[in-house]
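The block underneath contains the structure these notes are about, expressed in structure tokens.
Throughout, read-outs are computed from the coordinates displayed, never taken from laboratory work. These figures come from a predicted structure and were not determined experimentally. Neighbour counts are summed over all protein chains in view; Cβ atoms, including those assigned to glycine, are modelled from backbone coordinates with ideal geometry.
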Amino acid sequence: MKSPVTFFIGLFVLVLCAVQFALSLDPVRIIGVAVGAFFLIFGWFIGWTRSRTFTLVLGHAAVAIGCLVVAYAIYQLPSVRTAPNLLNVLDLPLFWGLLTMFGGYCMITHGYCNCCIRQNESKDKKMAG
């Protein structure tokens, strides 16, 4: 397993979205299942140190998408009639937007951490020498 944290986050997202899809049969839940499966496979086979550029680009894209989802969630807040319980919170776009933004920030930060930089420097030295 190349990145255990990414693997378990992907597993969490995959299971949560699969349960939400099974309960609601809303086709938009397939996006969450696909994202969870992507991070599950990415964490198992690839990991973040293989491609620093990909990590940074994906992190910036996640922050941008998270901002759009949070803006949509704030727009939807006046339509919430009752206080949500825990399961409802996990279903609201504000949760997914914040999770996506913080995940993107984590990817960007990881792109500049020593493990990723050292991995790329050793790869560059092998290619040059």
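Against the chain, whose longest principal axis is taken from its Cα atoms, helix 93-111 shows a tilt of about 10°. Computed from Cα positions, the angle between helix 114-128 and the longest principal axis of the chain comes to roughly 40 degrees. Relative contact order for the chain: 28 percent, from Cα pairs under 8 Å spaced at least 6 residues apart, divided by residue count. Note on ARG81 and VAL19: with the Förster distance fixed at 22 Å, the Cβ-Cβ geometry gives a FRET efficiency of about 0.40. Each Lys or Arg adds one and each Asp or Glu subtracts one; over the other residues with Cβ under 15 Å from the Cβ of SER3, this totals +3.
The distance between label points at TYR112 and ILE74 comes to 2.4 nm (points 7 Å beyond Cα on the Cα→Cβ vector).
The angle separating the long axis of helix 4-24 from the principal Cα axis of greatest extent in the chain is about 20 degrees.
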